[in-house]
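Derivation of every value follows stated rules applied to the coordinates shown; laboratory data play no part. The structure displayed is predicted, hence computed values, not measured ones. So basically every Cβ, Gly included, is an ideal-geometry build from the backbone, and we count neighbours across all protein chains shown.
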Amino acid sequence: MRLSIYRYDPDKDDKPRMQDYDVPLEPTDQMLLDALVRAKTMDDSIAFRRSCREGVCGSDAMNINGKNGLACTTKIAELKEPVVLRPLPGLPVIRDLIVDMSQFFKQYHSIKPYLVNDNPPPEGERLQTPEERDDLNGLYECILCACCTTACPSFWWNPDKYVGPAGLLQAYRFISDSRDQATNERLDDLNDPYRLFRCRSIMNCVDVCPKNLNPNRAINKIKEMMLKRAI
Ligand code: SF4
Ligand code: SF4
Ligand code: FES
């Protein structure tokens, strides 16, 4: 399999380049990550992140033939060659396929991604009805891979001001949690021309999410709640 990999080491290189590798595959190599690991046995200097190889940790997100995705859940058989691998767009490159995720996590932390509840903790769990728990489906499964946020033009232009689809999906995850008491504060915080309203419904986020989540739907729900509150 021919891989064409973005290579850039800011300590050594003046500018990035693409480097081709003809990787001999074994029958057990099913996913793109298998091919990348084999390429690394040919050239140990190729840098990329990976951990779980199961679509759970989110660390091997990259741009694959022009579309963001996870190397470990992308089937080799479905890829057109040469497979062009670039780092996630819109974030600074640390080396090769590794990007600096600081801005992504800064926006994620800004939405207070934890339960706010000032009632004294009960003996056991804070209970929900099955229906209340169902409201969190399609929200809690996010693995924070950043495929969506780094595919979003609104985030590219305003990474310091626009929360981005991943952060907004998580904002809605806590807004819709029956145990959370900070709904009003959360809506106040997002009621801003940039933090939420920079979303232009371009839908790239929905197109690339490897967990089939829909950040755009969550963003629209937040907007609806703001409108209802204002009436
Ligand atoms: S729908 Fe909104 S959040 Fe999703 S990619 Fe488009 S602008 Fe970004
Ligand atoms: S919403 Fe999907 S694409 Fe975005 S960070 Fe979560 S899992 Fe990744
Ligand atoms: S290696 Fe963990 S999601 Fe791919």
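What order, most packed first, do the peptides 124-135, 150-161 have when packing is the mean number of other Cβ atoms within 10 Å of each residue?
Ranking, from highest mean packing down: 150-161, 124-135.
Can you give me the angle between helix 32-42 and the longest principal axis of the chain, using Cα atoms only, in degrees from 0 to 90, rounded to the nearest 10?
On a 0 to 90 degree scale, this one is about 40.
Quick one: net charge around Asn214, please, counting Lys, Arg +1 and Asp, Glu -1 for every other residue with C-beta under 15 Å from its C-beta.
Once positives and negatives cancel, what remains is +1.
List the aspartates and glutamates whose Cα lies under 20 Å from the Cα of Lys80, skipping any in the same chain that are fewer than 8 positions away.
Excluding near neighbours in sequence, the set is Asp20, Asp22, Glu26, Asp29, Asp34, Asp60, Asp207.
Below 21 Å, Cα to Cα, which lysines can Lys161 reach? Residues fewer than 8 away in the same chain don't count.
Candidates past the 8-residue exclusion: Lys106, Lys112, Lys221, Lys223.
Can you list residues whose amide H is under 5 Å from Ile46's amide H, if they're 5+ apart or on another chain and H is modeled 1.01 Å from N?
none
Given H placed 1.01 Å from N in the peptide plane, which residues other than close sequence neighbours of Met31 have an amide H under 5 Å from its amide H?
The answer is Ile76.
Could you tally the net charge around Asp22, taking each other residue with its Cβ under 12 Å from the Cβ of Asp22, Lys/Arg +1 and Asp/Glu -1?
Summing Lys/Arg as +1 and Asp/Glu as -1 gives -1.
Return one number: the angle in degrees, 0 to 90 and rounded to the nearest 10, between the long axis of the Cα atoms of helix 215-230 and the longest principal axis of the Cα atoms of the chain.
Approximately 20 degrees, to the nearest ten.
Once phi is turned into θ = phi - 60°, what whole-Hz ³J(HN,Hα) does the Karplus curve with 6.51, -1.76 and 1.60 give for every residue of segment 93-102, x standing for Gly and Pro?
So the Karplus estimates, Gly and Pro as x, are 7, 8, 6, 6, 8, 9, 10, 7, 8, 3 Hz.
May I ask for the distance between the Cα centers of segment 66-127 and segment 165-195, given as a whole number of Å?
18 Å
On a 0 to 90° scale, report how tilted helix 165-175 is relative to the longest principal axis of the chain, with both axes built from alpha carbons and the result rounded to the nearest 10.
Once rounded, the angle reads 30 degrees.
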